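Note sheet for the following structure.
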Amino acid sequence: MSKKALITGITGQDGSHLADLLLKKGYEVNGIIRRASTFNTQRLEHIYQDPHTKNYIFRLHYGDLADANTIRKLIYKIDPDEIYNLAAQSHVRVSFDIPEYTANIVAMGTLRLLEAIKDYEEQTGHRVKFYQASSSEMYGSSPAPQNENTSFNPRSPYAYSKVFAFHCTKNYREAYNLFAANGILFNHEGPRRGETFVTRKITRGVARILAGLDKKIYLGNLDAKRDWGYAPEYVEAMWLMLQQPEPEDYVIGTGEAHSVKEFLELAFHYVGISNWQDYIEIDPRYYRPTEVDYLVADISKAKTKLGWQPKTKFEELVKIMIKHDLELQGLKEKAEQIKLS
Ligand code: NAP
Ligand code: F7E
């Protein structure tokens, strides 16, 4: 019998990569999707299965983390071995505009899931492993490098909601013996990254400028430093956390930090433009009321205990993303000039 996984947030960047990974490992993959007025499964098109397919192993179910009743019913219906909670209003800047909604999904949504799992385990005796998508944003203003012992100083509604969810996960592990692990992931990116996060906004913007569609990219704070890794490698770490004998919390990152400005310079450099300043305008609307200046991971624990380490370096990540966005704009020749290692 193949293992069954349930992924919340399966239509997102990480959810789609995790679905790829678990299908390759032979899992039956179940995902929760929200009802939308247009298709929202673009990142899943390559693995989508019609429900009438024989041996249907990729199953999508309607649900929402705001809806405890449906979540509970889905857990009973699917009977999963592993649950990965990746669903979130995940945009930090937007969380200042919609704090209550962000907390409802990110904080309370996690609590709803954990309560449903606890109840399900008590009723059925079936042990379910739970992964919580915690975030480096929880560290906020704590000095870098950050590891599992660094204190949290959240600087946004998104971050304090993730801190709540982190502690819920830990408490359900300690109080009710749930197999519940937090992955504290630093920024991870790639061609499937949402278009309004800064890395993708830059690579997409550069490609659109070259295609003659835009003249400028409007950005906020260029001085912030982040530890940027490659998303497909990070979902491997999520899976590894649930294969350990005991549930624990792990920091995942690259151990290297770069500023937004460095990302910009490199993205323009790969398409042969050195006067990148001419194409950038600072728009204060992208500033955050409280910013996180400097995040960089200390991944000693993940290296030792999970045997995990990142493979894709910063320069390669920028190349992968810019190449992809050039291809999307039909700039085939330009894309071919960028050679990946
Ligand atoms: P993402 O691309 O923004 O995907 C978020 C997912 O959550 C989407 O599938 C979205 O569905 C779903 N979702 C949003 N609100 C929901 C709700 N009310 N009920 C059910 N589903 C809902 O995020 P990501 O980059 O893949 O990140 C995955 C998780 O890791 C998130 O929890 C994020 O906060 C966390 N995280 C991300 C990073 C990173 O660098 N990427 C780092 C640390 C932690 P729609 O497609 O319908 O919008
Ligand atoms: O911002 C600056 C911005 O929105 C990175 C999420 O996945 O990673 C992500 O959160 C930096 C910030 O990512 C623009 O001020 C400048 O300093 O790409 P971002 P994030 O806030 O780090 C963490 C780990 C998560 O958990 C989150 O879910 O870039 N910045 N100009 C800008 N950022 C955006 N979005 N847009 C700009 O125009």
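Bear in mind that the values in this text are calculations on the coordinates, not laboratory data. Fair warning: this is a prediction, and the values are worked out from it, not measured in the lab. Positions of Cβ are generated from backbone atoms using ideal geometry, with glycine treated the same way; all protein chains shown enter the neighbour counts.
Which value in nm describes the separation of the simple spin-label points at Glu236 and Asp223, placed 7 Å from the Cα toward the beta carbon?
Taking the simple label geometry, Glu236 and Asp223 are separated by 3.7 nm.
Test of understanding: express the Cα radius of gyration of region 240-299 as a ratio to 2.2 N^0.38 Å, with N the residue count.
1.71
Suppose we look only past 19 Å in the calculated P(r) of region 130-210. What percent of the Cα-Cα pairs does that tail hold?
Distances greater than 19 Å cover 51 percent of the Cα pairs.
Kirkwood hydrodynamic radius (Cα pairs, Å) of region 186-310?
For region 186-310, inverting the mean 1/r across all distinct Cα pairs yields 16.2 Å.
Could you tell me the largest-minus-smallest coordinate of the C-alpha atoms of region 269-341 on each of the three principal axes, in descending order and whole angstroms?
Sorted from largest, the Cα extents of region 269-341 read 43, 38, 21 Å.
At 0.36 nm per residue, and after removing the present C-alpha to C-alpha distance, how many nm does the segment from Ser259 to Gln244 gain when stretched out fully?
Residue separation times 0.36 nm, minus the Cα-Cα distance, leaves 2.0 nm.
Roughly speaking, what % of Cα-Cα pairs in region 1-143 are separated by over 19 Å, rounded to a whole number?
53
What chymotrypsin sites (Phe, Trp or Tyr not before Pro) does region 31-66 have in DSSP loop regions with at most 15 other beta carbons within 10 Å?
Filter output for region 31-66: Phe39, Tyr48, Tyr56.
Once R0 is set to 30 Å, what does the formula 1/(1 + (r/R0)^6) return for the Cβ-Cβ distance between Thr304 and Asn177, expressed as a FRET efficiency to the nearest 0.05?
Taking R0 as 30 Å, the efficiency between Thr304 and Asn177 is 0.75.
Using a Förster distance of 22 Å, how high is the FRET efficiency between His167 and Ser141, based on the Cβ-Cβ distance and rounded to 0.05?
0.75
Given a cut-off of 18 Å, name the pairs among Lys4/Lys73; Lys24/Lys162; Lys3/Lys77; Lys24/Lys323; Lys118/Lys162 whose C-alpha atoms lie farther apart than that in the structure shown.
Those over the limit are Lys24/Lys162; Lys24/Lys323; Lys118/Lys162.
Which Cα, out of Thr203, Tyr172, Ile282, lies furthest along the positive dipole direction of the chain (beta carbon charges, K/R +1, D/E -1)?
Thr203
Excluding same-chain residues fewer than 8 positions from Lys201, which aspartates and glutamates have a Cα within less than 12 Å of its Cα?
Glu189, Asp325
Can you tell me the dipole magnitude for the chain around its Cα centre, using point charges on the Cβ only (Lys, Arg +1; Asp, Glu -1), in Debye to the nearest 20?
For this selection, approximately 560 debye.
Residue farthest toward the positive end of the dipole of the chain, with Cβ of Lys/Arg at +1 and Asp/Glu at -1: which of Tyr158, Gly272, Ala144?
The Cα lying farthest towards the positive end belongs to Gly272.
At 20 angstrom or more along the helix axis (alpha-carbon based) and mean Kyte-Doolittle of -0.5 or higher, what helices does the chain contain? Whole DSSP H runs only.
Flagged H segments are 314-328.
Ranking Asp97, Asp14 by Cβ neighbours within 10 Å, fewest first, what do you get?
Ascending number of Cβ neighbours within 10 Å: Asp97, Asp14.
Give me the mean projected area, in nm² to one decimal, of the convex hull enclosing the Cα positions of the chain.
If you wrap the Cα atoms of the chain in a convex hull and average its projections, you get 17.7 nm².
In whole Å, what is the distance between the alpha-carbon centres of region 51-80 and region 5-19?
Comparing the Cα centres of region 51-80 and region 5-19, I get a distance of 13 Å.
Which order do Leu44, Leu340 fall in if you start with the one that has the fewest other Cβ atoms within 10 Å?
Lowest count first: Leu340, Leu44.
Loop sites only, by DSSP: take the GluC sites (Glu not before Pro) in the chain that have at most 13 other C-beta atoms within 10 Å and name the longest stretch containing none of them.
46-194
Taking 7 Å along the Cα-to-C-beta vector as the label spot, tell me the Gln277-Gln49 distance in nanometres, rounded to one decimal.
5.6
What value, in deg cm²/dmol to 500, does the helix sum -39500 (n - 2.57) over DSSP H runs of n ≥ 4 give at 222 nm once divided by the residues of the chain?
Calculated at 222 nm, the ellipticity per residue is -11000 deg cm²/dmol.
Rank these for me by crowding, Met241, Met108, Met1, Met321, going from fewest to most other beta carbons within 10 Å.
Met1, Met108, Met241, Met321
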